[in-house]
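Comments concern the structure below.
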């Protein structure tokens with residue numbers, strides 16, 4: 001690109017490898033005192049799992065807590081989709097004007113409350129949260145480099161206006177292939193530095 005030569009005329013064969021990193025680099029940066037963590041390509045939920053693992057000092061085998069944070073991260077990852085923007089029953093949403101973005105209040109046991117700022121449009125209900133939870137899901141096992149979350153174990157409950165509690169999500173080891181890719185990427189980054 002810098003030499004104004006098109007890729008097809010460069011004479012080079014293109015090879016690319018892409019991977020999503022997990023949350024542990026974020027936790028490590030926070031452990032070392034970082035105020036801001038700039039991430040390479042991490043899973044959408046990593047930006048929730050990493051700070052939660054740091055805050056509560058979760059370990060890599062705290063699978064239930066990690067699974068709960070993964071569920072919360074998946075729910076809020078697409079912004080206003082969890083506050084009514086991805087909801088088939090849109091007539092239940094009083095207003096889409098100034099729609100509020102979701103907030104995940106994570107607890108030490110991995111449970112969370114999904115909410116939004118007061119005075120904003122949209123809706124946080126069991127229905128809107130369920131619609132987002134099921135978005136892009138092909139199985140009850142949600143795979144991530146840090147944990148496998150079993151979404152068929154979680155419970156949702158309306159606990160107030162625009163407040164939905166998420167609890168009971170069970171977790172298990174992440175799939176070996178995803179863990180290998182994450183470990184391999186870290187090894188490559190270490191070698192390049």
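The values are calculated or read from the model by the stated rules, or taken from the named source; none is laboratory data. Just so it is clear, the structure is predicted and the values come from calculations on it, not from any experiment. Positions of Cβ are backbone-derived with ideal geometry, glycine not excepted, and every protein chain shown enters the neighbour counts.
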Worksheet entry | Candidates 50, 73, 68, filtered to the one that is surrounded by 20 or more Cβ atoms within 10 Å (Cβ to Cβ) and in contact (Cβ under 8 Å) with a residue 40 or more places away in the chain | 68
Discussion item. Considering only residues that are farther than 23 Å from residue 51 by Cα and either surrounded by 19 or more Cβ atoms within 10 Å (Cβ to Cβ) or touching a strand residue (DSSP E or B) at 6+ places or on another chain (Cβ under 9 Å) (or both), which ones fall in region 98-123?
Written reply: 98, 99, 120, 121, 122, 123
Discussion item. When you scan region 172-179, do you find a residue that is touching a strand residue (DSSP E or B) at 6+ places or on another chain (Cβ under 9 Å) and modelled with pLDDT of 95 or more, even just one?
Written reply: yes
Worksheet, complete the sentence: The condition of being within 18 Å of the chain's Cα centre (by Cα) and either modelled with pLDDT under 95 or within 21 Å of residue 165 (Cβ to Cβ) (or both) holds, among 2, 64, 9, only for 64
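Within region 132-157, track down each residue that is more than 17 Å from residue 107 (Cβ to Cβ) and surrounded by 13 or more Cβ atoms within 10 Å (Cβ to Cβ). Step through it out loud before you land on a result.
Of all residues in region 132-157, those more than 17 Å from residue 107 (Cβ to Cβ) come to 132-146, 148, 150-152.
Passing the criteria: 132, 133, 135, 141, 142, 143, 144, 145, 146, 148, 150, 151.
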Worksheet item: Any chance region 13-21 includes a residue that's free of Cβ contacts under 8 Å to residues at least 60 places away in the same chain and either surrounded by 10 or more Cβ atoms within 10 Å (Cβ to Cβ) or touching a helix residue (DSSP H, G or I) at 6+ places or on another chain (Cβ under 7 Å) (or both)?
Response: yes
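Does residue 142 satisfy the criteria of being under 23 Å from residue 42 (Cβ atoms), assigned to a strand (DSSP E or B) and at pLDDT below 95?
Numbers: under 23 Å from residue 42 (Cβ atoms): yes; assigned to a strand (DSSP E or B): yes; at pLDDT below 95: yes.
Criteria met by residue 142.
Given the options 104, 72, 80, name the one that is more than 14 Å from residue 22 (Cα to Cα), assigned to a strand (DSSP E or B) and modelled with pLDDT of 95 or more. Full working, then the answer.
Values: 72 fails: assigned to a strand (DSSP E or B); 80 fails: assigned to a strand (DSSP E or B).
None of the others qualify; the one that does is 104.
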